[in-house]
Amino acid sequence: MRQFTEDNLTDEVVARLRKTKDKRFKEIMTSAVKHLHAFAREVKLTEEEWFEGIKFLTAVGQKCDGKRQEFILLSDVLGLSMMVVALNHKTAPGATEATVLGPFFAHGAREYGYGGDLREGATMKGEDVWVSGRVLSVDGKPVPNAALDIWQAKADGIYDLQTEGEFELRGRVKANAKGEYAFASYKPKFYSIPMDGPVGELVRATHNNHMRPAHMHAIVSAPGYQQVITHVFVEGDPYLDGDAVFAVKDSLVARYEKLGAAEAKKLGMPEKSLKLSFDFKLAADRADAKKARKKIAASDAVA
Ligand SMILES: [Fe+2]
C-alpha cells in the first residue's frame, strides 16, 4: 500500500503491527500509535515543533547516566508515574498507599539492623530524628523480617546521587521478627526537583511549581506480602498541596514530635531530637505483584 494521507496513515501503521507475537506489546503499541497520531492531528503539529520535541527527548536521554534519571523525572512531572501507580494499586484496602518511586532510588545501599544510624557518614547535619514503627499485615498482625529501603535528601534538599560522594541518608533497614523497625536519621526537608536539565526547562516554561514537600522514601518488602513503594511526608510542610510530582496522599503525612530528654538519652540520641512513628501495612502477595517486583530487582540501573 502507498499514497498515505492524514486520513489513512494511522490504520496502515496499526495494520503493520499485526504480526507482533506478544499480545500485550501489540495492544500497547497500537494504542500508542493511535494516540500519538491523534495528538499530532489535534494540535496540527508543525515540522519545526516536532523537531523541537525530538531535540527535547534527545536532551532528556543525554542527561541520563548511572546516577541521573531524567526520564523518570519527566514521567513524574507529567503525572504519568502517579497515573501508573494509581492504576496498579487499587486492590489492597487497608494497606499503606503507594506513591512514586522518583528518580533517586539506588541499589546497593548499606544494610542496618534494628536501631541503625543512617546519619553515619553524612556530610551535612540536620535535625536528628528517631524513626520507628511496625510492619503489619492489613489485619494488624506483625509481619516478621521485613526490609525497608530508605532514602531521603540531605538538609540542603540535595540527594547523595546528585553529588560525587558516597551514599548518604540511605540504607536497607531490617525489621525484627516482631515486625518492629527503628533507625536514626535527619528530618527531611522540602526540595526542588532538579532544574538544571531539560525537565527543569519544561517546568520553567510552564510556570509550574518545582518544589516537593519534605519526605522520606521507603520501599517495604517482606516474604509473602506485596511490596509497597511509598513516601512518608512531613505534616505542616508548605508544599503538601502543590507537589511537583503529584505524589502526596493524606495517609502518608506524619507528625514529627519531640523525642523527650529521657527517651533521647535511652536511645543515645541528642537531647533535642525528634521522633517519627509510622506503621507500614502490607497486603498479602499476588502473582502479578511478584512478577513486578522481580522486574525491579532485576534492574541494576538507577531507577
Ligand atoms: Fe524524594
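Step through the residues of the range 37-54 one at a time and calculate ³J(HN,Hα) from phi using the Karplus curve (6.51 cos²θ - 1.76 cosθ + 1.60, θ = phi - 60°), rounding each to whole Hz and writing x for Gly and Pro.
Each residue of the range 37-54 in turn: 5, 5, 4, 4, 5, 4, 9, 6, 4, 8, 5, 4, 5, 5, 5, 4, x, 5 Hz.
So if R0 is 45 Å, what FRET efficiency would Ala15 and Lys265 give, r being the distance between their Cβ atoms, rounded to the nearest 0.05?
0.05
Using the beta-carbon distance between Lys174 and Phe51 and R0 = 45 Å, what value does 1/(1 + (r/R0)^6) give for FRET efficiency, to the nearest 0.05?
Once the sixth-power term is evaluated, E becomes 0.30.
Among Val77, Pro103, Ala146, pick out the residue whose Cα is farthest towards the positive end of the charge dipole of the chain, where Lys and Arg carry +1 and Asp and Glu carry -1 on C-beta, about the Cα centre.
Ala146
Tell me the Kirkwood hydrodynamic radius of the range 211-252 in angstroms, computed as one over the mean inverse distance between distinct C-alpha pairs.
For the range 211-252, the Kirkwood estimate is 11.2 Å.
Enumerate the aspartates and glutamates that Lys266 could reach by cross-link, defined here as Cα to Cα under 20 Å, with residues fewer than 8 away along the same chain left out.
Asp117, Glu120, Glu127, Asp128, Glu180, Glu257
Given labels modelled 7 Å from the Cα in the Cβ direction, how far is it in nm from Asp139 to Glu111?
That separation, rounded to one decimal, is 3.1 nm.
Please compute the modelled spin-label separation between Thr5 and Met124, points set 7 Å along Cα→Cβ, answer in nm with one decimal.
6.0
Order the peptides 211-224, 117-130 from the highest to the lowest mean number of other Cβ atoms within 10 Å of their residues.
211-224, 117-130
With a 1.4 Å probe and all protein chains left in place, how much accessible area per residue does the chain have, in Å²?
I get 57 Å² per residue for the chain.
Under 11 Å from the 7 Å Cα→Cβ point of Ala59, by amide nitrogen: which residues of the range 170-208?
196-205
Obtain the nm distance between the two label points defined at Lys44 and Lys26 by a simple spin-label model: each point lies 7 Å from its Cα along the Cα-to-C-beta direction.
Result for the modelled spin labels: 3.7 nm.
How fast does the chain diffuse by Stokes-Einstein, in µm²/s, taking the Kirkwood radius from C-alpha pairs at 4 °C and 1.567 mPa s?
60
First select every other residue whose beta carbon is under 10 angstrom from the beta carbon of Gln152; then total the charges, Lys and Arg +1, Asp and Glu -1.
Net local charge, Gln152 excluded: +2.
Restricting to Cα atoms and excluding each atom paired with itself, what does the Kirkwood estimate give for the range 66-130 in Å?
15.1
Considering only C-alpha atoms, what is the centroid distance from the range 230-289 to the range 106-135, in Å?
The range 230-289 and the range 106-135 have Cα centres separated by 13 Å.
In whole percent, how big is the carbon plus sulfur part of the accessible area of the range 3-140, probe 1.4 Å, protein atoms only?
Of the solvent-accessible surface of the range 3-140, carbon and sulfur hold 58 percent.
Just to confirm a number: summing +1 for Lys and Arg and -1 for Asp and Glu over residues other than Lys174 whose beta-carbon lies under 15 angstrom from that of Lys174, what do you get?
+1
Can you tell me the length gained on complete extension of the stretch Lys258 to Phe71, counting 0.36 nm per residue apart and subtracting the Cα distance?
So the chain would gain 63.4 nm between Lys258 and Phe71.
Going by amide H atoms built from the backbone, whose H comes under 5 Å of the H on Leu274, apart from near neighbours?
Result for Leu274 returns Asp128, Val129, Trp130, Leu259.
Amide H to amide H under 5 Å from Val143: which residues, 5+ apart in sequence or cross-chain, H placed 1.01 Å off N in plane?
Val135, Leu136, Ser137
How big, in percent, is the set of alpha carbon pairs in the range 1-153 lying more than 26 Å apart?
Considering the range 1-153, 55 percent of its Cα-Cα pairs are separated by more than 26 Å.
Could you sort the peptides 37-44, 250-257 by per-residue average Cβ neighbour count (10 Å cutoff), highest mean leading?
250-257, 37-44
In whole Hz, what ³J(HN,Hα) sequence does the range 99-112 give by Karplus (6.51, -1.76, 1.60; θ = phi - 60°), x for Gly and Pro?
Couplings: 8, 5, 6, x, x, 10, 6, 9, 6, x, 6, 5, 8, 10 Hz.
The values are calculated or read from the model by the stated rules, or taken from the named source; none is laboratory data. What you see is a predicted model, and the numbers here were worked out from it, not measured in a lab. FYI the Cβ positions are ideal-geometry reconstructions off the backbone, even for glycines, and counts take in every protein chain you see. Surface accessibility is based on the protein's heavy atoms, side chains included, excluding ligands, DNA and RNA. Shrake-Rupley method; radii C 1.70, N 1.55, O 1.52, S 1.80 Å.
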